[in-house]
Amino acid sequence: MFHFLCKSILHHGRYAAALSSAHRLFSFQHSPSIITLRFFISTLENPNKQSFAASYLIIKFGFSPESALSASKHLNFKTPDNPDLVIHMFQHYGLSQEQIFKLVKKFPRVLSCKPEKTLLPKLKFFHSKGMSGNDIAHILCAHPCILNRSLENQIILNFNFLVSLLESNDKTIAAVKRYSPILYHKTDIYLKPCVDILEEYGVPQKHIATLVYRSPRSVMMSPNHLRRIVETVREIGCDPLKPHFTTAVMVMGILSKSGWERRLGVYKSWGWSEEDVLAAFIKEPWCMMTSDDKIMAVMDFLVNNMDCEPSFIAKKPYLLKPGLKTTFIPRASVVHFLLSERLIEKKPNLVTLFLCSEKMFLEKFVYGFEEAPQLLKLYNEKLNLSKMRGNVVVENC
């Protein structure tokens, strides 16, 4: 197939150097299709109609002819030299072929970047801070426009600001992976003013750091909007000195007004008052991020299977956190067996039962009984561990 292409190129007498280019192009794709070969020949026959860049995108990255022609309007290379160097540079810094494909598909212009001037300094910086190839790929694929931002005036300044706050390169990298724009928007637009507002309201720096680490988007909004959220959270009754304050800020920043009203309605359907909902939110802000379906399912289970009063759950909103199928049903099955066999006299405290670690649950409600093998079998059946994550070992009984 390749020899047929070469003869066609020579026959047309255009772009003698294209023979070398064609060899380098097809060396990256094991078996170019007839359509690909014809497109390449057509490019040589009609250089004003199709570009070399379009052929490159089709042959190396599997673009459709239409998408390749559209993307090639923004690419300015006429030989494989520059894009090949870009690919090699990414490979050198640990990006896999699949990751490079993903990046190019999302941001074809990366192939026209000046490797030594634009790419290399940024890749060197990322690598020097401890980023792996996977880290770099994750950040670039999520927000490739970071490659167009200033290294000295934006990326380095932001990274250093985050390190000073989080006190760790690893935590900074994790935050950047969660929301890459935190690395390239000027610090005086969002990041620093938002941090300043939280400090102004008395939020301890370690809690601010936790917020930035867990939810960097929370400090990448309009400072005026963040101030309104912080003021609302404080008016609800959250204490800025408590860890839950920043969690509440995070939730309020994510949840829309309609989303809040919808959750409020779900809780009210179980007899909670608006005051109950706000009190629960202060104790466990994530209760307002729980899906409507999960709220209904967990409330139904606790009320109808565990004889729990809705008012009790309102006072212990963290009971809504565990999974129905992964925690509530397996553990309740074990306890119901223990009660039915009179191995225990009364139902255990629900908070202890459902919120303790799996290790503690097994030690307290399984391994301490002679019927441990039977209990463990029941527990495993409900968890369906053989499919999910491997069985708990019976020999530990």
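The values are calculated or read from the model by the stated rules, or taken from the named source; none is laboratory data. Since this is a predicted model, take the numbers as computed values, not measurements. Positions of Cβ are generated from backbone atoms using ideal geometry, with glycine treated the same way; all protein chains shown enter the neighbour counts. Just so you know, the surface numbers come from the protein's heavy atoms only, side chains and all, with ligands and any DNA or RNA stripped out. Shrake-Rupley method; radii C 1.70, N 1.55, O 1.52, S 1.80 Å.
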- [ ] Output the number of the condition that Asp276 fails; it satisfies all remaining conditions of (1) acidic (Asp, Glu); (2) more than 30 Å from Asn380 (Cα to Cα); (3) without any contact (Cβ under 8 Å) to a residue 12 or more places away in the chain.
- [x] (3)
- [ ] Filter the range 52-68 for residues that are open to solvent by 10 Å² or more (accessible area, probe 1.4 Å), over 11 Å from Leu111 (Cβ atoms), of a type outside the set (Asp, Glu) and assigned to a helix (DSSP H, G or I) and give the result.
- [x] Phe52, Ile58, Pro65, Ser67
Open item on the list: Given the options Pro108, Pro144, name the one that is touching a helix residue (DSSP H, G or I) at 6+ places or on another chain (Cβ under 9 Å), of a type outside the set (S, T, N, Q) and more than 28 Å from Asn169 (Cβ to Cβ).
Closed with: Pro108
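Yes/no per residue for (1) open to solvent by 40 Å² or more (accessible area, probe 1.4 Å); (2) modelled with pLDDT under 90; (3) in a loop (DSSP other than H, G, I, E, B):
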| residue | (1), (2), (3) |
| --- | --- |
| Asn76 | yes, yes, yes |
| Thr79 | yes, yes, yes |
| Leu85 | yes, no, no |
| Phe90 | no, no, no |
| Gly94 | yes, no, yes |
| Lys102 | yes, no, no |
| Val110 | no, no, no |
Open item on the list: Looking at the structure I just gave you, is Asp170 within 30 Å of Lys122 (Cα to Cα) and open to solvent by 50 Å² or more (accessible area, probe 1.4 Å)?
Closed with: yes
TODO: Considering (1) in a helix (DSSP H, G or I); (2) more than 25 Å from Ala142 (Cα to Cα); (3) touching a His at 6+ places or on another chain (Cβ under 8 Å); (4) not hydroxyl-bearing (Ser, Thr, Tyr), say which one Pro181 fails and leave the rest.
DONE: (2)
TODO: Among the residues of the range 183-236, write down those that are within 14 Å of Ala248 (Cα to Cα) and β-branched (Val, Ile, Thr).
DONE: Val203, Ile208, Thr210, Val212, Val219, Ile229, Val230, Thr232, Val233, Ile236
Open item on the list: Please count how many residues of the range 241-264 are free of Cβ contacts under 8 Å to residues at least 40 places away in the same chain, open to solvent by less than 40 Å² (accessible area, probe 1.4 Å) and either over 26 Å from the mean Cα position of the chain (by Cα) or farther than 29 Å from Glu309 by Cα (or both).
Closed with: 3
- [ ] Being within 24 Å of Lys377 (Cα to Cα) and either in contact (Cβ under 8 Å) with a residue 40 or more places away in the chain or open to solvent by less than 60 Å² (accessible area, probe 1.4 Å) (or both) is the filter; apply it to the range 299-324 and report the residue that is farthest from the chain's Cα centre (by Cα).
- [x] Met306
Open item on the list: I'd like to know if the range 267-280 contains one or more residues that are polar (S, T, N, Q) and surrounded by fewer than 17 Cβ atoms within 10 Å (Cβ to Cβ).
Closed with: yes
- [ ] Hey, could you check the range 325-342 for residues that are surrounded by 15 or more Cβ atoms within 10 Å (Cβ to Cβ) and more than 31 Å from the chain's Cα centre (by Cα) and say which is nearest to Trp270 (Cα to Cα)?
- [x] Ala332
Task: Elements of type helices (runs of 4 or more DSSP H) in the range 255-326, at least 1 residues being among the acidic types (Asp, Glu), modelled with pLDDT of 95 or more and under 30 Å from Ser340 (Cβ atoms) - done: 292-304
Open item on the list: I'm checking my understanding of the structure. Among residues of the range 173-207 that are hydroxyl-bearing (Ser, Thr, Tyr) and more than 19 Å from the chain's Cα centre (by Cα), which one is most open to solvent (accessible area, probe 1.4 Å)?
Closed with: Tyr190
- [ ] Among what's in the range 353-368 and is part of a helix (DSSP H, G or I) and open to solvent by 60 Å² or more (accessible area, probe 1.4 Å), pick the residue that is nearest to Thr327 (Cα to Cα).
- [x] Leu355
Open item on the list: Among the residues in the range 208-230, are any open to solvent by 50 Å² or more (accessible area, probe 1.4 Å), among the hydroxyl-bearing types (Ser, Thr, Tyr) and part of a helix (DSSP H, G or I)?
Closed with: yes
Task: the range 343-352: number of residues that are open to solvent by less than 60 Å² (accessible area, probe 1.4 Å) and more than 42 Å from the chain's Cα centre (by Cα) - done: 2
Open item on the list: Restricting to the range 137-176, name every residue that is assigned to a helix (DSSP H, G or I) and basic (Lys, Arg).
Closed with: Lys171
Task: Hits in the range 112-125 (condition: open to solvent by 20 Å² or more (accessible area, probe 1.4 Å), within 22 Å of Leu69 (Cα to Cα) and not small (Gly, Ala, Ser)) - done: Lys114
